[in-house]
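The values are calculated or read from the model by the stated rules, or taken from the named source; none is laboratory data. All values derive from a computational prediction rather than experimental measurement. Note: ideal-geometry Cβ built from the backbone for every residue, glycine included; neighbour counts use all protein chains shown.
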Amino acid sequence: MEGLEIDAQTRVVASREGAWIRVSVEDTAPGVEPEALERLFDRFYRVEASRSRAKGGAGLGLAICRNIIEAHRGRILARAADAGGLAIDIRLPASDD
């Protein structure tokens with residue numbers, strides 16, 4: 001599968017919601033199977049090869065993101081995007097300092 005190309009767009013939206021900062025990242029790529037959404041943040045978990053990059057990573061990126069965000073008392077969730085791809089929602093406590 002070397003040279004696999006996927007025509008997708010990515011959208012990033014950030015906003016403040018009271019005491020929280022919310023960042024949402026959505027794409028229009030093929031997405032992830034619903035049963036895989038819960039495991040995306042597990043260390044070493046990789047989605048089915050036919051749905052990901054030809055030369056995938058080690059499955060650590062989202063696990064590292066989750067650890068960093070939780071260390072800052074935040075939350076990160078994955079869901080199906082409105083455009084049919086994947087959406088990652090991040091909430092972090094806002095600080096006026």
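Some notes on this structure:
- Members of the stretch 37-61 found to be surrounded by 11 or more Cβ atoms within 10 Å (Cβ to Cβ), out of contact with any strand residue (DSSP E or B) (no Cβ under 9 Å at 6 or more places or on another chain) and either at pLDDT 80 or above or among the acidic types (Asp, Glu) (or both), listed by number: ARG39, ASP42, ARG43, LEU60, GLY61
- Just one of the numbered conditions (1) assigned to a strand (DSSP E or B); (2) at pLDDT below 75 is not true of ILE88: (2).
- Checking HIS72 against (1) surrounded by 13 or more Cβ atoms within 10 Å (Cβ to Cβ); (2) at pLDDT 85 or above; (3) farther than 16 Å from ALA8 by Cβ, the condition it does not meet: (1)
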